[in-house]
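J.: What follows is a single structure, and I will ask about it in a moment.
The values are calculated or read from the model by the stated rules, or taken from the named source; none is laboratory data. Please read all numbers here as calculations on a predicted model, not as lab measurements. Note that we place each Cβ from the backbone using ideal geometry, even for glycine, and neighbour counts take in every protein chain shown. Only protein heavy atoms, including side chains, enter the accessible area calculation; ligands, DNA and RNA are left aside. Shrake-Rupley method; radii C 1.70, N 1.55, O 1.52, S 1.80 Å.
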Amino acid sequence: MKRLPWWRRPYLSKRLLEIGPGHNPFAGVTHLLERHVSDGHERGGKALLVPTSARLIVGEATVLPFAKRAFDFIYASHVLEHVEDPDQACREIMRVGAAGYIETPSPFLEQGLAIGDESSPAHWFHRWFVFALGNNRLVFEPKSVEEVARFCSCRDGQFLREFYAAVDFHEAQHCFRRTAKTTIFYWKSSFQVEVRHRMVDCRQGGRPCRFAGMRHALVSNCNNLLRTRRMRRLTKCFPEVRGVFRKFGQYSLLVH
């Protein structure tokens, strides 16, 4: 079973809901909500696991069958990137919960895997790029063939564009730690939700783009001494990465 880091666990919570637990629910949950009980397509064919101490409810994330503040804590891990209406799903989560944890694949991972691979269905059943702006806003941008090919005109966007062009990301992804490949969002009481109709170009629209966070995830990973061996592997397999970092003034102890 999954667990949050020990300093983040909801120790005092008595009623805990997990939305979309799949085959590996969080430890300690008292209620599970699952849309597809028998169909394991989105679980890699694995069977749904229901702990003996938990109650299973069949339902949708956008219409949670619970009263207001029914739960002390809500887990929603690798769920919101699938839903058709993330704004409604988030409002329902806030309605029935007092606090919670949200996790999705990061835009850094999603765009890297999907770019140039328009025909593979494995990378197209997620509907959204999901990222956090600050500590209290969760942003959704559509993930489509057209949007995956777009990059912000800012320096961060162009850095990511050239980085992806310099690597085979299907191979390079294994050099990066989990925190670079996931969006992790904790909330209490409520949070802001922003659903965009297309990628925001920060130089044109005046709103923050997703690429600053993607650049930070990439560069932070490349400065992590615990990843030294994997960074050496990255630059050995894809030596053009060094030139991309130098061109955009992105210093990395392990890449340079």
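J.: Quick one: of the DSSP bridges fully inside region 74-216, what percent are antiparallel, nearest 5?
T.: 65
J.: Another one. Mind checking the full-extension length gain between N24 and H174? Use 0.36 nm per residue of separation minus the Cα-Cα distance, one decimal, nm. Mind showing how you got there, number by number?
T.: Details: separation 150, 0.36 × 150 = 54.00 nm, distance 2.19 nm.
Full extension from N24 to H174 adds 51.8 nm.
J.: Among rounded, prolate and oblate, which fits region 1-111 when a ≥ b ≥ c are the square roots of the eigenvalues of its C-alpha gyration tensor, a/c under 1.5 means rounded, and a/b larger than b/c means prolate?
T.: Taking the square roots of the gyration eigenvalues as a ≥ b ≥ c, region 1-111 is rounded.
J.: Please build a GNM for the chain, connecting alpha carbons under 10 Å apart, and tell me which residue among L160, L218, L226 fluctuates the most.
T.: L226
J.: Compute the accessible area per residue over the chain, keeping the other protein chains in place, probe 1.4 Å, unit Å².
T.: 51
J.: R0 = 41 Å: FRET efficiency of R246 with I184, Cβ-based, nearest 0.05?
T.: E between R246 and I184, to the nearest 0.05, is 0.85.
J.: Once amide H atoms are built 1.01 Å from N in the peptide plane, which residues 5 or more positions from F129, or in another chain, come under 5 Å H to H?
T.: E141, K143
J.: Ranked highest first by the average count of other Cβ atoms within 10 Å around their residues, in what order do 184-195, 108-119, 50-61 fall? Don't jump to the answer; show the numbers that get you there.
T.: Values: 184-195: 15.4, 108-119: 19.3, 50-61: 13.7.
Highest mean packing first, the order is 108-119, 184-195, 50-61.
J.: Still on this structure, please answer the following. Among 206-212, 72-78, how do they line up by average Cβ neighbours within 10 Å per residue, starting with the highest?
T.: 72-78, 206-212
J.: Could you state the number of Å between the C-alpha centres of region 142-209 and region 81-119?
T.: Value for the Cα centre distance between the two parts: 13 Å.
J.: May I pose another question? Report the relative contact order of region 137-238, percent, no decimals, based on alpha-carbon pairs under 8 angstrom and at least 6 residues apart.
T.: Numbers: 87 pairs, mean separation 44.1, N = 102.
Relative contact order for region 137-238 comes out at 43 percent.
J.: When the dipole is taken about the Cα centre of the chain, and only Lys, Arg (+1) and Asp, Glu (-1) are charged at their Cβ, what size is it in debye, to the nearest 20?
T.: Charge dipole, the chain, about its Cα centre: 1240 debye, nearest 20.
J.: Same structure, new question: Hey, quick one: spin label on K68, modelled 7 Å out along Cα-Cβ, who in region 93-109 has an amide N within reach, i.e. under 20 Å?
T.: It comes to 93-100, nothing else.
J.: With a sphere of radius 14 Å drawn around the Cβ of G205, what net charge do the other residues whose Cβ falls strictly inside it have (Lys, Arg +1; Asp, Glu -1)?
T.: Taking every other residue near G205 into account, the sum is +3.
J.: Based on the Cβ-Cβ distance from V37 to R203, what FRET efficiency comes out when R0 is 45 Å, to the nearest 0.05?
T.: So, using R0 = 45 Å, E works out to roughly 0.45.
J.: So how much slack lies between R233 and V195, counting 0.36 nm per residue of separation and subtracting their Cα-Cα distance, in nm? Working shown, then result.
T.: Details: separation 38, 0.36 × 38 = 13.68 nm, distance 3.73 nm.
Taking 0.36 nm per residue and subtracting the Cα distance, the gain is 9.9 nm.
J.: Only Cα pairs under 8 Å and at least 6 apart count here; give the relative contact order of the chain as a rounded whole percent.
T.: Contact order relative to length: 15 percent.
J.: Taking region 1-36, which trypsin sites (Lys or Arg not before Pro) meet the DSSP loop condition and have no more than 13 other C-beta atoms within 10 Å? Don't skip to the answer; put the middle values down first.
T.: Values: sites: K2, R3, R8, K14, R15, R35; in loops: R3, K14, R15, R35.
Here the sparse-neighbourhood loop sites are R3, K14.
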